[in-house]
Structure formats: C-alpha cells, structure tokens
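Only one structure is covered here, and it is reproduced in the block below.
Please treat every number below as a calculation from the coordinates, not as lab data. Here the structure is a predicted model, which is why all the values come from computation and not from measurement. Please note: Cβ atoms are built from the backbone with ideal geometry, for glycine as well, and neighbour counts cover all protein chains shown.
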C-alpha cells in the first residue's frame, strides 16, 4: 500500500486523533522557528489536515501545504473554508515539483511529525532545498529515531531486529490508540537523517529534544546553504 493510500484510509480517525493539539514545532520547539514569521512565504511538507499550516498562518506567514493524501487535503481545505487564513493546499508528491510548485522560492519550509512517514527521504529533502531561496530555513519534527519504546508504544525500530534495521515496518503490538499500528513507519538511524540533510545542502543549525525520560521526539532546524 502506498503512503497516500495509508493515510487516506485512516483520514477520519487521524483528524479526530490529532484534534486541536498544537504542533510539536510550535508548542515544544518554538525557538527553532524564525520570529516574526509575518511576510514569509512558507511551505508545509506533508501538511496532513493542516494543523501546522494554520499555526504558521496565524503567526503571519503565507502558507502552502502539500500532502500525498487527498482526503487529508480535503479536510485541510474544509478547515480553511471555515476559518479563512489565506492558506492554499495541494494534493501532490512534494518530490514532483512540476505538479505543484510555481517556481517562486520559499523563505522557509516546515515538516511536522512526518519524516518517518515519508518513503523517499532523499527526494523530499532535495525538493525542500530546491524550492527554498538561498539561506531559507527548514524546521522538522519527528519521532526520535532513538526512541526505545515505552508502555505507550514500540520502539522506532522493529524490536526483534534492532536500531540498525532501517525501512518501513508495522506491528500489531503497537499502541492500539496510535498511528503507527495503522500506517506503519520508516525507521532510519539518526546518522541517516543527518547525512540526508547534508546531502541535500541543508546545514543543521540547532537540534532540540523535548524533556522526557527516554528520547521520544526530535526537532531540527536547518539552513539552506
């Protein structure tokens, strides 16, 4: 099943599950975002139903949200219609620039809790770098690749294989109330993420791990070279 179909099939559940919760980037790692955002043109990669897009727009950014899931994009557009913030949404593969990009560079790009859901990491980061102006910022949050698992869910990696086992996986033993049991996840080591950013010309400036007994979330702030 392709990533678009996975989230299309759980779109209603996912929208209710996320609810009105604030985005990790805005709530737990706000210092990684530029301040102010007013007047900045921002791309929200894998925007889903637009949770982060709306928070960025409320801070003054002009936002374009792109996601593979047409059903989640439909929910984002419905939210925009109910509360107009000037956000535009497109259902597309972000790596296919000809399908959605008008050629006008972005001041910044954000990606909220989605890099571990994206199959083509290198292609996605290359697209992020390509559409940003020189010096553009990129901020992303994700499940910490070193997350060892807790009573709330399994580790980032297949428990029977270990941290070095990269690739997509899921398990019926995942937290039944969460997303991983429904859509799976791509586990990658921390070094894979860092090397992919470097390959795309995205220089890491800051990293942030929200306080937790075990590493649960990771947020990264980068700058286009």
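Considering the values (1) 11.5; (2) 13.8; (3) 13.1, which represents mean projected area of the Cα convex hull in nm² as calculated for the structure under consideration?
(1)
May I ask for the distance between the Cα centers of the stretch 186-225 and the stretch 44-108, given as a whole number of Å?
When both Cα centres are located, 23 Å separates them.
Treat the count of other C-beta atoms within 10 Å as a stand-in for reagent exposure and order 193, 89 from fewest to most. Before the final figure, lay out each step's value.
Numbers: 193 20, 89 23.
Lowest count first: 193, 89.
May I ask for the Rg/Rh ratio of the stretch 1-82, computed from Cα atoms with Rh as the Kirkwood radius, given to two decimals? Don't skip to the end; give the middle numbers.
Details: Rg = 13.0 Å, Rh = 13.2 Å.
Computed over Cα atoms, the ratio is 0.98.
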